[in-house]
Amino acid sequence: MKMIVIADDFTGANDTGVQLAKKGARTDVLLSPQQKPPRGGDVLVINTESRALPAADAHQRVSAALRPYCSGGKQPLIYKKIDSTFRGNVGAEIDAAMQASGARLAIVAAAIPAAGRTTLHGECRVHNVPLVQTEFASDPKTPIVSSHIKTLIGLQTEIPVHEVDLAVVRSAGLSDALQRLGRQQRCIVVVDAEQDGDLALLAQSIGRLEVPLLLVGAAGLANALPSACYLTARQRLPVLVVAGSMSDATRQQIVFAERELALGIVDIDVEALVAADGARVVQQTVRRAVALLQDRQHCVLRTCRDADARQLIDRLCERTQLSRQQLGDRISQTLGEIALAIINHTQIGGLFLTGGDIAIAVARALGAEGYRIDGEVAPCVPCGTFINSEIDDLPVITKAGGFGGPSTLRDALYFIEEMYSGE
């Protein structure tokens, strides 16, 4: 994901998230920080439900919500969504978000000019009426004691708060002014905005800043942000193929696809897989597959390289003291676990599963509760998505082992590639 929005209530999470979604960002809203985020999104919106909490509790919730996303490596842009009339724990939550993200500069622009919310001379106004004179001042849960934004924020944080007036916002020196403040000390900057164009000017300047920053605002600033802040460039992601079928048709399809596509094959030694050191084989398989996928090659996990592999089954059953059914179940379950481990370590564009036992084992390993069929790639070869699974809405193609002609796998991989090229 490229951007995280931390909101203090559910409707606020949605009204800000929709500003990004309507411009093409895949935007997922979590009802609580404890939920596991879906894969593949551009923007993650987390509702901490902290508006009416004591300030210390709100601070802790925001810190806890951000911690998993701000520990090591390149972190996403953080947007602290606040109420446009400053109800709630604005100062405490900005403080927490700055600490968690390591931001030196928090830019506060809560104006929504289209809804009559503006900021002028550092003061919040609603239809040009100072905030403290409006009905919002007497909110039963979070009353307002001042129209002055610097004062409201300062009630809950010791981080210095500065103001940037409208003249600076509309000048050529806005970026320099913000950069200078951020380099001098860790601080919060309240920015005037009376029109949508003022927010657009601020949003444009953000991309030129070279200090770690936190964006703080409501729907207005979110709507003004350039798409580079939250949209991940679309790319064709490789497909993971789990070929557990021993059919000759499946083997021919893999060979055919290998001739025409960037396709890497990881042959799995089934005999070693069910032996005492099977865990080592699993780790090696995962590493090889991840390397191929990260190199943007489609990856095939193949358990049957040639017809001779069929002759191993009776010998393995005797060695392991398992029936054919038990042995098959054990191999299928392990392949499902391998597929999950691979998906946890890299991005894929979809799944191609051949062999009924393998398909259901992978589905179970991914926690799928069902399969939603969207269409047909080839006769009797459906494409759909797993319901409520670890791979969310990525395409999944299933095929019985003996179905299809030589080009079936190649055609299926092209089918998924075309899905990405059409975005």
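The values are calculated or read from the model by the stated rules, or taken from the named source; none is laboratory data. Given the structure is predicted, the values throughout are model-derived calculations rather than measurements. Every residue, glycine as well, gets a Cβ built from its backbone with ideal geometry; the counts of neighbours run over all protein chains shown. With ligands, DNA and RNA removed, areas are computed over all heavy atoms of the protein, side chains included. Shrake-Rupley method; radii C 1.70, N 1.55, O 1.52, S 1.80 Å.
Under 5 Å from the amide H of ASP267 lie the amide H atoms of ARG302, each residue being 5 or more positions distant or on a separate chain, with H modelled from the backbone and absent for Pro and chain starts.
Note on THR151 and ALA115: their simple-model spin labels are 2.3 nm apart, each label 7 Å out from Cα toward Cβ. Using the Cβ-Cβ distance between VAL211 and SER323 with R0 set to 56 Å, the FRET efficiency works out to roughly 0.30.
Taking every protein chain into account, the accessible area of segment 65-137 amounts to 36 square angstrom per residue (probe 1.4 Å). Counting heavy atoms of the protein chains alone, HIS148 has an accessible area of about 60 Å² for a 1.4 Å probe. Couplings for segment 380-394, taken from phi via the Karplus curve 6.51 cos²θ - 1.76 cosθ + 1.60 with θ = phi - 60°, read 6, 10, x, 10, x, 9, 6, 8, 6, 10, 5, 10, 6, 10, 5 Hz in order; Gly and Pro are left as x. Each of GLU376 and MET419 was given a label point 7 Å from its Cα along the Cα-to-Cβ line. The distance between the two points is 1.8 nm.
Counting protein heavy atoms only, segment 12-108 has 51 percent of its accessible area on carbon and sulfur, 1.4 angstrom probe.
Phi angles of segment 203-219 translate, via the Karplus equation with coefficients 6.51, -1.76, 1.60 and θ = phi - 60°, into HN-Hα couplings of 4, 5, 6, 4, x, 9, 7, 10, 10, x, 10, 10, 8, 10, x, 10, 5 Hz per residue; Gly and Pro are given as x. Report, in degrees rounded to the nearest 10, the 0 to 90 angle that the Cα long axis of helix 174-184 makes with the longest principal axis of the chain. On a 0 to 90 degree scale, this one is about 90.
Pairs spanning more than 27 Å between alpha-carbon atoms, out of LYS2/LYS399; LYS2/LYS36; LYS22/LYS141; LYS36/LYS399; LYS23/LYS399; LYS81/LYS141: LYS2/LYS399; LYS22/LYS141; LYS36/LYS399; LYS23/LYS399.
For GLY350, the residues 5 or more places off, or on other chains, whose built amide H falls under 5 Å of its own are LEU240. Heavy-atom accessible surface of CYS380, to the nearest 10 Å², is about 80 Å², with a 1.4 Å probe and all protein chains retained.
Each residue of segment 7-19 in turn: what ³J(HN,Hα) in whole Hz from Karplus with 6.51, -1.76, 1.60 and θ = phi - 60°, glycine and Pro shown as x? Once rounded to whole Hz, the list reads 10, 9, 7, 5, 5, x, 4, 6, 5, 8, x, 5, 5. Working from label points 7 Å from Cα in the Cα-to-Cβ sense, the ALA291 to ALA279 distance is 2.3 nm. Fully extending the segment from GLN35 to GLU337, taken as 0.36 nm per residue of separation minus the present Cα-Cα distance, adds 106.5 nm. The mean accessible area for residues of segment 274-423, using a 1.4 Å probe and ignoring ligands and nucleic acids, is 50 Å² per residue.
Annotation: amide H-H contacts under 5 Å for ILE112 (H modelled 1.01 Å from N, sequence separation of 5 or more, or interchain): ARG117, THR118.
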